[in-house]
Amino acid sequence: MFQGFDPRAEDFLWGIRFNNEKPWFEHHKQEYLDYIYDPMKELTRQVYQNLQKDCEGLGLSSKVSRIYRDARRLHGRGPYKDHLWLAIERPRGPFEGGITFWFELAPEGYSYGLGYWDMPPLTAAKFRARLDRDPKEFEKLARGLKNRPDLVLKGESYKRPKGAAPSKLLEEWYNLKNFSISHEGPYEDKLFRPGLADELTEAYRFLMPLCRYFLLLDGDKDPREV
């Protein structure tokens, strides 16, 4: 059962950022396992288990990131990541987009939430078509999010707007090409306690209807063919 991260996790992540080389990592590998990787696995297992009924029928699975960067995509960076995360999402290919629940530890702090960073243009088009066809369903979700100041919507809009939203409430959503709904903070006491698993579970449950909405867009017809 998840008992919290070790407070020394922060020092390790700063260490790997400024010493991103194999000799340093090999010397500190046990710290990585004890302070970050093993607790992250326990946190992932516990939260995913808590959500089994909530994500029934959605095909979601859980995973923990590896610290090793893909050797094909280093682009001059060191071989190790300086931020580690868990994800709950549908299985997908390495270059495919998908909506994801995440929790991440980085040297500067932590974040968690729901993100769709690589939304396919067709999915975005289906989203706009559904908003045009039935705005009330998503207005209810957007209104609920307004009541959660701890979860902040961020996103990138298309440079050339795709159209006008059917209501004022949906204006910030209508032309998004990607988005995240996140809670962020510095290192604080709750990261080192078991209650973090309950906080993530509650937030993911609140965001699950939004996740379900976007996953079910896959079943909609291509708007260009209607």
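Data table
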item	result
Point-to-point label distance, ARG69-ARG8, nm (Cα→Cβ direction, 7 Å offset)	2.6
Burial ordering of ILE36, ILE67, fewest other beta-carbon atoms within 10 Å first	ILE67, ILE36
Gain in span if fully extended, TRP24 to GLU56, counting 0.36 nm per residue against the direct Cα distance	7.2 nm
Per-peptide average of other Cβ atoms within 10 Å, ordering 136-149, 181-194 highest first	181-194, 136-149
Cα-based helix-to-principal-axis angle, 22-32 vs the chain, degrees rounded to 10	80
In the stretch 18-93, the GluC sites (Glu not before Pro) that fall in loop regions by DSSP, at most 13 other Cβ within 10 Å	GLU21, GLU56
Under the Karplus curve 6.51 cos²θ - 1.76 cosθ + 1.60, θ = phi - 60°, whole-Hz ³J(HN,Hα) for the stretch 8-15, x wherever Gly or Pro sits	6, 4, 4, 4, 4, 5, 5, x
Under Karplus coefficients 6.51, -1.76 and 1.60, residue-wise ³J(HN,Hα) of the stretch 152-163 in Hz, glycine/proline x	10, 7, 10, x, 10, 8, 4, 4, 10, x, 8, x
Simple label model, 7 Å out from Cα along Cβ direction - MET1 to ARG193, nm	1.6
Extension gain from GLU108 to GLU225, taking 0.36 nm per residue of separation minus the Cα-Cα distance	37.4 nm
FRET efficiency, VAL152 to ARG205 (Cβ-Cβ, R0 22 Å, nearest 0.05)	0.75
Phi to ³J(HN,Hα) by Karplus 6.51 cos²θ - 1.76 cosθ + 1.60 over the stretch 56-61, Hz, x for Gly, Pro	4, x, 9, x, 7, 9
Cα long-axis angle, helix 135-146 against the chain (0 to 90 degrees, to the nearest 10)	40
Added length on full extension, which subtracts the Cα-Cα distance from 0.36 nm per residue, ASP218 to TRP117	34.7 nm
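All of the numbers you see were taken from the coordinates with simple rules; none came from a lab. On a predicted model such as this, the values are computed, not experimentally measured, just so you know. With ideal geometry, Cβ positions are generated from the backbone for all residues, glycine too; neighbour counts draw on all protein chains shown.
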